[in-house]
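The values are calculated or read from the model by the stated rules, or taken from the named source; none is laboratory data. Here the structure is a predicted model, which means the values were calculated and not measured. Positions of Cβ are generated from backbone atoms using ideal geometry, with glycine treated the same way; all protein chains shown enter the neighbour counts.
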């Protein structure tokens with residue numbers, strides 16, 4: 001019996017040692033796997049697993065939120081000043097006329113106008129049709145960002161990156177019928193195509209055909225982004241620097257990739273008119289770039305994201321503790337990829353410094369290519385602080401969307417239903433026929449409002465609507481001359497409004513109406529000039545219209561000025 005008991009005890013010990021050995025030698029489950037998720041709280045543990053297994057459905061949900069919100073916004077916001085240029089140029093009488101207008105009036109490369117023109121031919125002319133290419137371009141950027149991050153960090157983090165881009169401020173100008181949405185789309189496509197080509201090259205000779213196909217796509221995307229906007233050079237520079245870093249590391253040049261990066265530079269021929277125009281333009285000091293603009297831009301474009309990240313990590317720490325907050329040093333991306341990401345992140349810095357040197361204007365949308373780098377950087381931070389666990393990534397994405405309100409707006413617009421019967425936004429006209437002296441001319445103080453009226457108002461109203469050019473007077477009051485080209489724009493676009501030099505108009509019309517705003521826009525000068533000239537301005541009241549200017553003045557000049 002003693003022998004049997006000893007044998008049983010020894011057997012149990014040997015079995016225990018075998019079990020321990022098997023446990024020690026068994027491969028450890030990677031972070032974020034189903035084994036790892038067992039440590040997470042039960043109510044949320046299935047969230048990450050569902051997104052991981054339904055990644056493209058999750059991406060489709062994000063794209064649906066984008067589409068519904070943009071449709072809702074478009075139904076409420078009429079075409080504004082800059083979009084009027086896209087509207088008119090895209091409807092040029094011929095392709096030759098379109099190319100002429102892009103080099104003499106708007107100074108952008110022609111691709112975005114050609115795509116909008118094709119949209120008009122396919123589904124008609126309208127406000128949404130003007131904006132649809134840009135909305136689709138931003139959707140393409142979300143898809144490409146998802147793919148770029150997914151390849152290195154997994155499905156959930158690809159969704160997180162796309163959600164950060166959707167919730168950021170760069171999404172707001174994507175509704176405009178201007179080239180920024182397509183700039184994002186083609187630029188992101190170029191980034192993903194380059195990554196695909198490098199990954200195919202790393203797989204060896206069996207992937208040569210896939211690598212060449214990726215390089216062909218890269219060449220197409222680079223050409224497209226350079227033909228869309230001059231800021232496409234930022235994407236080109238990011239990819240060239242990344243490819244240069246890869247070449248230094250591997251010493252393996254790829255001829256097809258070199259061609260894909262160099263040949264599209266021929267598109268920069270279209271930038272020459274822009275350089276000449278910018279050199280001759282003067283901008284209001286309020287819009288001019290300064291060194292401090294760098295900090296202002298990054299603060300504006302990251303303050304909501306930083307707040308969402310802080311709220312996210314507080315939420316994860318409270319609910320998940322060490323199960324979710326497990327800091328690591330996972331940088332996820334390769335060093336060449338980080339070079340590309342960093343250049344996109346820092347792209348606004350040289351732009352702002354150059355504009356500050358030449359007293360050029362900088363608007364935040366000019367630097368929004370940086371938001372792609374920011375979305376990747378913020379995603380990487382979540383990867384490194386959660387040990388690549390998928391459930392925290394999904395919860396952070398939800399917090400980002402909630403912070404932006406995108407999904408709330410999408411739900412609101414969808415429930416209203418009218419976005420699915422989309423029409424042009426309703427306009428409230430300014431109705432000058434209700435005035436006591438309907439034959440008097442009406443001067444519009446703002447060049448922006450005047451161009452918007454020319455797109456929205458009937459010809460019979462525009463026949464008595466004027467914008468006055470000032471030449472040196474405009475420079476004196478605003479240090480800007482960008483609206484001095486309105487006469488040429490009216491002629492080029494065949495618009496009905498009228499323009500006349502300030503002094504010539506006053507000599508002919510000592511009594512007229514003036515439509516202005518409560519406070520002068522930095523580039524508006526007429527109201528100030530009339531006051532300085534001693535004109536009698538009597539405020540008649542406010543017009544109920546869809547424009548920025550609402551105050552209507554009755555203007556009478558002193559006898560000495562006419």
Worksheet item: Among the listed residues 290, 229, which satisfies the condition of being surrounded by 16 or more Cβ atoms within 10 Å (Cβ to Cβ) and either modelled with pLDDT under 95 or within 23 Å of the chain's Cα centre (by Cα) (or both)?
Response: 229
Worksheet entry | Residue list for region 364-407, restricted to those being outside any helix (DSSP H, G or I) and modelled with pLDDT of 95 or more | 368, 369
Item to complete: With the condition kept exactly as written, say whether any residue in region 81-99 is touching a residue at least 40 places away in the same chain (Cβ under 8 Å), more than 17 Å from the chain's Cα centre (by Cα) and part of a loop (DSSP other than H, G, I, E, B).
Response: no
Response to the item:
Condition set surrounded by fewer than 19 Cβ atoms within 10 Å (Cβ to Cβ) and within 18 Å of residue 244 (Cβ to Cβ), scope region 185-206, selection modelled with the highest pLDDT: answer is 199
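The rows are residues; the columns are (1) in contact (Cβ under 8 Å) with a residue 12 or more places away in the chain; (2) touching a strand residue (DSSP E or B) at 6+ places or on another chain (Cβ under 6 Å); (3) under 25 Å from residue 360 (Cβ atoms).
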site	(1), (2), (3)
454	yes, no, no
459	yes, no, no
465	yes, yes, no
475	yes, no, yes
479	yes, no, yes
483	yes, no, yes
499	yes, yes, no
Worksheet, complete the sentence: Among (1) in the same structural domain as residue 68 (by TED's automatic domain parsing); (2) crowded, with 16+ Cβ neighbours inside 10 Å, residue 469 falls short only on (1)
Worksheet, complete the sentence: For residue 483, the lone unmet condition from (1) crowded, with 21+ Cβ neighbours inside 10 Å; (2) within 22 Å of residue 543 (Cα to Cα) is (2)
Worksheet item: If you go through region 461-475 one residue at a time, do you hit one that is assigned to a loop (DSSP other than H, G, I, E, B), under 33 Å from the mean Cα position of the chain (by Cα) and modelled with pLDDT under 95?
Response: no
Worksheet entry | In region 517-562, residue surrounded by the most Cβ atoms within 10 Å (Cβ to Cβ) [restricted to those that are part of a loop (DSSP other than H, G, I, E, B) and either more than 40 Å from the chain's Cα centre (by Cα) or not assigned by TED's automatic domain parsing to the domain that holds residue 441 (or both)] | 535
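Identify, from the list 238, 242, 223, the residue that is surrounded by 18 or more Cβ atoms within 10 Å (Cβ to Cβ), closer than 17 Å to residue 148 by Cβ and within 21 Å of the chain's Cα centre (by Cα).
Within the list 238, 242, 223, the selection yields 238.
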Worksheet entry | Conditions (1) surrounded by fewer than 21 Cβ atoms within 10 Å (Cβ to Cβ); (2) not assigned by TED's automatic domain parsing to the domain that holds residue 514; number of the one not met by residue 441 | (2)
Discussion item. When you check residue 495 against the structure, is it under 23 Å from residue 85 (Cβ atoms), part of a strand (DSSP E or B) and in contact (Cβ under 8 Å) with a residue 40 or more places away in the chain, yes or no?
Written reply: no
